[in-house]
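The values are calculated or read from the model by the stated rules, or taken from the named source; none is laboratory data. None of these values were measured; they are calculated from a predicted model. All Cβ positions, glycine included, derive from the backbone under ideal geometry; neighbour counts span all protein chains shown.
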C-alpha cells in the first residue's frame, strides 16, 4: 500500500503529455485520484494511459476507497487484457479509432487515388490435365503445410444454438464440420506421405481460432471425440479477445450498460488470426520444422477441401506469396471481387474489394458501365471466398514488421447528419483477407478460381433469410449447403462415366433446391480427381432416389447399378470390390417444418430429414481382400 502511494505521488508530478506543464496527471478524474491508494503500480500505469488518451469518463461513477474495491481492480484486469491483446496496446487502438472515425465523418473514400484492374491468377477446370497436374503438386506439398481454421462464431445466426463446427455438414452420416475438416487434413497427410521414399512421420498441424463464445465448446467437441483421429499435439486452440467499443467520434471507450466497472466489448473480426499466430510463437515453430505454407479456411464450407490440393499446387508452382481461393462471380453479385489496385503514387496491391465498393470504384475510374460480365458470362473480377494460402517465410517477415496488425475499418451507425454520436456503440474491425494490403509491390499475390459447384457452399443464413434470397441467387443455408455436397459428388462421378441420374427440384424451408442422389464419401476414399479415377470403373449407374455412403479408403466399384441405399464401412487395410445390382427401398428425403420443435435444431434449419427405410450395409472390420457381387 505504501509503495502504491509513493508511486502515485511520484506520478502526480509527471505531465500528461509532452506539451503540458507539470501537474496532477489525475486531475481530470478526481474519483480515480481518490482511489490511487488501492491500486498496484501496474494498475496506476494503466490508469495514466487511459487519462492520457482522453478516457477520464470511465471513472466518473467510482465511489470512495473501501467501496467496491474488488470491482475496481477487476476493471483494470480487463484493461490489461485489452491492452495486451491488441498490437500496440490500447493507445494504438484509441488513436487508430480517432483517425478512422475522422475519415468516416468526413466521408473519405478509402480507395481515393486507386485505379482497379484485373489481377493475374489461375483459372482451373475440374478434371483437365492442368487441374490434375496442380492437384498432384498440391498433394506432394501438403506435408509442408499447416492449416488455420477461423471458428470464432456460434450458430445462432443460422438458428442453431451450438458452435457452427458442431453442425452436421450432411445428414446421411451426421458428420459435423469439424470432423470433416480433421478427416480431410488426415487424408491429405496420408496421401502426401505416400510420395515420400521410406518412412514418413509428417503430422500436419491444425490451429483453430476460437472466441470466448466457442473456446470451451470447441475443446469439448475435440476431447469427447478423441480429436476425430488426430493427435492432440497436432491441434492448437488460440482464443481471440474482443476489442473495446467506442461511444462517439472522439473514440471514448464505452462503459458496459450492465456494469460500470467494465468496458463494453465486441468482436474485432477474423483478421485477428494474424496477430494471434504472431504473438503465440507458433509460426517460428512451423518454420523451424521446415513447413512452407499456411492455409486459412472458415468454419462451414463443406466443399472446401475438394479445392485445396489443386490450389496449393498453384501456390507452389507459381511461387505465390499469397493465393486467394476464388469462384466465378456474376457482375454486381453480393460477394467481394479480387482486384488489383494501382495508386497514382505507383503503389499496387491485390486485395478483396467488397461488391458494393467495386462497382462505384470502376465507374469513377473510367469504366462508365461499372462491374459488368465479360465474354465468359462472369465478371472479370473473381469472387473472393475468404480462403487463403500464404507462403510461410514471407508471411513471417511481414508479421515481424506489423506484429500481425491488419488494416482496420469502422462502420458506425450515426444518430443524425452531424455525425458526432452513434445509435449504438461501434468498434474497429479487421478482416483476414485484408492481409495483402500492407505487402510491398514485389509480393507475388494471385488467385485460383475453381467452379463454384466444386469449391464453395457456405452455411451462413438462417431459413427465414435464405427464403428471401431472390430466385437464382445462392441461399447459403444449411439446406443448400448439404445439397451442394451431393451435387458435387454426383458431378464428380459423372466425369468418370458413372450414369448419375438428374436431380429433381424440391422446396424445403421456402428454398427450391436441386436434390441429387445422396452420395457421400470419407475424404480418405478420395481427395483428388486421380483417386476417384482409380476406384470407379466399368459401367456404373446411380438412380436419383439412391443413397451411397463410402467410409473406407480402399473401396472399388466396377459395373455397379444402385437403386436404393448402399453403405460400405471398411478398415484401412481392407480392399473391397463392389459390383452388380443393388436394389432396395432406400432412404427418402422427408420435408420438415422448421417451426416443429419435435425435431432437433440441426434438422429444422435444413427443412428435411433422411428417413432410413431400407439399405444394404457392408462392413469389413478386418484386413484382407473382399469381393461383393450381387
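Just one residue in the set 582, 549 is surrounded by 20 or more Cβ atoms within 10 Å (Cβ to Cβ), more than 19 Å from residue 174 (Cα to Cα) and either assigned by TED's automatic domain parsing to the domain that holds residue 613 or touching a strand residue (DSSP E or B) at 6+ places or on another chain (Cβ under 8 Å) (or both); that residue is 582.
Residues checked against (1) within 13 Å of residue 145 (Cα to Cα); (2) in contact (Cβ under 8 Å) with a residue 24 or more places away in the chain:
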residue: 256; (1), (2): no, no
residue: 261; (1), (2): no, yes
residue: 267; (1), (2): no, yes
residue: 272; (1), (2): no, yes
residue: 278; (1), (2): no, yes
residue: 292; (1), (2): yes, yes
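Identify, please: which residue in the stretch 299-331 is closer than 27 Å to residue 87 by Cα and modelled with pLDDT of 95 or more and is, among those, surrounded by the most Cβ atoms within 10 Å (Cβ to Cβ)? The selected residue is 324.
Conditions tested, residue by residue: (1) assigned to a helix (DSSP H, G or I); (2) modelled with pLDDT of 95 or more; (3) over 21 Å from residue 261 (Cα atoms).
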site	(1), (2), (3)
6	yes, no, yes
13	no, no, yes
17	no, no, yes
20	no, no, yes
28	no, no, no
31	yes, no, no
49	yes, yes, no
71	yes, yes, no
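The residue list 98, 81 contains one member that is under 30 Å from residue 418 (Cβ atoms), modelled with pLDDT of 95 or more and surrounded by fewer than 22 Cβ atoms within 10 Å (Cβ to Cβ), which is 98.
Restricting the stretch 591-618 to residues that are in a loop (DSSP other than H, G, I, E, B) and under 27 Å from the mean Cα position of the chain (by Cα), the residue that is farthest from residue 512 (Cα to Cα) is 600.
Checking each residue in the stretch 476-492 for being within 20 Å of residue 558 (Cα to Cα), crowded, with 22+ Cβ neighbours inside 10 Å and touching a helix residue (DSSP H, G or I) at 6+ places or on another chain (Cβ under 7 Å) picks out only 492.
Determine which member of the set 371, 393, 359 is within 14 Å of residue 339 (Cα to Cα), assigned by TED's automatic domain parsing to the domain that holds residue 122 and assigned to a helix (DSSP H, G or I).
Numbers: 371 fails: assigned to a helix (DSSP H, G or I); 393 fails: within 14 Å of residue 339 (Cα to Cα).
The conditions single out 359.
Here residue 379 passes the criteria (1) within 25 Å of residue 108 (Cβ to Cβ); (2) assigned to a loop (DSSP other than H, G, I, E, B); (3) touching a strand residue (DSSP E or B) at 6+ places or on another chain (Cβ under 7 Å) except the one numbered (1). Quick check on the stretch 352-366. Is at least one of its residues surrounded by 14 or more Cβ atoms within 10 Å (Cβ to Cβ), closer than 17 Å to residue 432 by Cβ and in contact (Cβ under 8 Å) with a residue 60 or more places away in the chain? Looking through the stretch 352-366, at least one residue is surrounded by 14 or more Cβ atoms within 10 Å (Cβ to Cβ), closer than 17 Å to residue 432 by Cβ and in contact (Cβ under 8 Å) with a residue 60 or more places away in the chain. crowded, with 19+ Cβ neighbours inside 10 Å and within 30 Å of residue 162 (Cβ to Cβ): does that describe residue 594? Taking the combined requirement at face value, the residue satisfies it. Mind listing whichever residues of the stretch 406-440 are assigned to a loop (DSSP other than H, G, I, E, B), touching a residue at least 12 places away in the same chain (Cβ under 8 Å) and farther than 19 Å from residue 247 by Cβ? Scanning the stretch 406-440 gives 406, 407, 431, 439. Restricting the stretch 597-607 to residues that are in contact with a strand residue (DSSP E or B) (Cβ under 9 Å, 6 or more places away or on another chain) and crowded, with 22+ Cβ neighbours inside 10 Å, which is farthest from residue 462 (Cα to Cα)? Looking at the filtered set, the residue picked out is 607. Can you spot a residue in the stretch 155-175 that is at pLDDT 95 or above, at positive phi and within 24 Å of the chain's Cα centre (by Cα)? Yes, the stretch 155-175 has at least one match. Only one of the numbered conditions (1) touching a strand residue (DSSP E or B) at 6+ places or on another chain (Cβ under 8 Å); (2) under 23 Å from residue 152 (Cα atoms) is violated by residue 302, and that is (1).
If you check residue 334 against the conditions, is it in a loop (DSSP other than H, G, I, E, B), surrounded by fewer than 16 Cβ atoms within 10 Å (Cβ to Cβ) and in contact with a helix residue (DSSP H, G or I) (Cβ under 7 Å, 6 or more places away or on another chain)?
Criteria met by residue 334.
Could you please find all residues in the stretch 123-155 being in contact with a helix residue (DSSP H, G or I) (Cβ under 8 Å, 6 or more places away or on another chain), in a strand (DSSP E or B) and either surrounded by fewer than 22 Cβ atoms within 10 Å (Cβ to Cβ) or without any contact (Cβ under 8 Å) to a residue 12 or more places away in the chain (or both)? Scanning the stretch 123-155 gives a single hit, 154. In the stretch 534-547, the count of residues that are in contact (Cβ under 8 Å) with a residue 12 or more places away in the chain and farther than 17 Å from residue 490 by Cα is zero. Checking each residue of the stretch 108-115 against the condition of being modelled with pLDDT under 95, over 29 Å from residue 373 (Cβ atoms), over 27 Å from the mean Cα position of the chain (by Cα) and in the same structural domain as residue 315 (by TED's automatic domain parsing) gives at least one match. Within the stretch 334-353, the residues that satisfy the criterion of being out of contact with any strand residue (DSSP E or B) (no Cβ under 7 Å at 6 or more places or on another chain) and within 15 Å of residue 115 (Cα to Cα) are 344, 345, 346, 347.
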